[in-house]
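*Asks:* Okay, here's the structure, questions in a sec.
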């Protein structure tokens, strides 16, 4: 900290000093060292390095100490969650004995986010242990988005079994946006078959089209042409035509001219 203030350009010197200081931290003294640090010192690279060491030696004690400490930061909670994410069985046992506090909610959120791509089933289970509310809903939406990109069938099967109709539609709306990157036609079919709320459908349809038109403009145009007349179709036509006119103006113009006659095959 003194080096940062007195010689801010000496990054190499500070890195060397940090390595020397961390080398003095042992399995036996790490807990005492961490507990002796001020809040400001805990937020330094040394504090982070020492905390990681303690988590490797005694994760339960280290986690409980942070949970009881009023000055624990989001970065420190995330550091703890990252370590626990590598030990799902130990994490379950730890959570079973953890009191229901604000820190637990933050910890569940960080641990779930950390496991989104490596273990989405575990990530969902962690998110479901949070208190119902916007934070939990947003986390579940993020997890499902990541899950559908790696295992769409499993993700869709899980979402289909969500009992809360409103939550289920929100999850589908989020998932189809991610799914559209790899299979926009299937994403569109999933959306229209499962979501009934007009507002959610409209927003999701337009998000899918924004992706689909860059992958297969003819297929996207054919889908948009089948929408019932109204604001959603008008917005869909604008998305498709704006992009398609830049890449294949003849096909786009032919499609627009034929829209009044109903669905057409844009390739003709």
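*Asks:* Classify the stretch 81-137: rounded, prolate or oblate, from the alpha-carbon gyration tensor (a ≥ b ≥ c, eigenvalue square roots; a/c under 1.5 rounded; otherwise prolate if a/b is larger than b/c)?
*Replies:* Working: a/c = 1.80, a/b = 1.13, b/c = 1.59.
Taking the square roots of the gyration eigenvalues as a ≥ b ≥ c, the stretch 81-137 is oblate.
*Asks:* Report, to the nearest 10°, how far helix 231-247 tilts away from the longest principal axis of the Cα atoms in the chain, using its own Cα long axis and a range of 0 to 90°.
*Replies:* Value to nearest ten degrees: 90.
*Asks:* Once the Cα atoms of helix 134-150 and of the chain are each reduced to a long axis, what angle between those two axes, in degrees from 0 to 90 to the nearest 10, is obtained?
*Replies:* 70
*Asks:* Taking each pair of distinct Cα atoms in the stretch 146-217 once, what is the resulting Kirkwood hydrodynamic radius in Å?
*Replies:* 12.0
*Asks:* What's the extension gain from residue 238 to residue 153 if we count 0.36 nm per residue and subtract their Cα-Cα distance?
*Replies:* Values: separation 85, 0.36 × 85 = 30.60 nm, distance 3.17 nm.
This chain segment gains 27.4 nm when fully extended.
*Asks:* For residue 19 and residue 253 in the same chain, what is the full-extension length gain: residue separation times 0.36 nm, less their Cα-Cα distance, in nm? Mind dumping the intermediate values first?
*Replies:* Values: separation 234, 0.36 × 234 = 84.24 nm, distance 6.51 nm.
Net length gain for the segment: 77.7 nm.
*Asks:* May I pose another question? The list [x] 7, 28, 38, 22, 5, 0; [y] 5, 15, 23, 27, 19, 10, 1, 0; [z] 6, 23, 21, 17, 15, 12, 6, 1 gives values of P(r) over Cα pairs in 10 Å bins from 0, in percent, and only one came from this structure; which label was calculated from it?
*Replies:* It is the value labelled [z].
*Asks:* For a quick protection proxy, order the peptides 210-220, 225-235, 125-135 by their average other-Cβ count within 10 Å, most packed first.
*Replies:* Numbers: 210-220: 18.9, 225-235: 12.7, 125-135: 15.5.
In descending order of packing, they fall as 210-220, 125-135, 225-235.
*Asks:* At 0.36 nm per residue, minus the direct Cα-Cα distance, what do residue 41 and residue 104 gain on full extension? Give it in nm, one decimal, please.
*Replies:* Working: separation 63, 0.36 × 63 = 22.68 nm, distance 2.36 nm.
Working it through step by step, the gained length comes to 20.3 nm.
*Asks:* In degrees, nearest 10, range 0 to 90: what is the angle between the Cα axis of helix 74-85 and the longest Cα principal axis of the chain?
*Replies:* Roughly 80 degrees between the two axes.
*Asks:* If you average the sequence gap of Cα pairs under 8 Å that are 6 or more apart and divide by the length of the stretch 24-103, what percent do you get for the contact order?
*Replies:* Numbers: 38 pairs, mean separation 18.6, N = 80.
Relative contact order for the stretch 24-103 comes out at 23 percent.
*Asks:* Only Cα pairs under 8 Å and at least 6 apart count here; give the relative contact order of the chain as a rounded whole percent.
*Replies:* 8
*Asks:* Right, here's the next one. Quick check for you: which residues of the stretch 22-48 have the amide N under 17 Å from the point 7 Å beyond the Cα of residue 3 toward its beta carbon?
*Replies:* 22-25, 41-48
*Asks:* Still on this structure, I have one more. Just the Cα atoms of the stretch 109-268, one point each, no solvent: what log10 I(q)/I(0) does Debye give at q = 0.10, 0.11 Å⁻¹?
*Replies:* Those come out to -0.41, -0.48, one per q.
*Asks:* Taking the Cβ-Cβ separation of residue 82 and residue 229 as r and a Förster radius of 51 Å, what is the calculated FRET efficiency to the nearest 0.05? Write down the numbers at each step before the final one.
*Replies:* Numbers: r = 51 Å, r/R0 = 1.01.
Computed FRET efficiency for residue 82 and residue 229: 0.50.
The numbers here are math on the coordinates, done by the rules we state, and not lab data. Quantities reported herein were computed from a predicted structural model and do not represent experimental measurements. Neighbour counts are summed over all protein chains in view; Cβ atoms, including those assigned to glycine, are modelled from backbone coordinates with ideal geometry.
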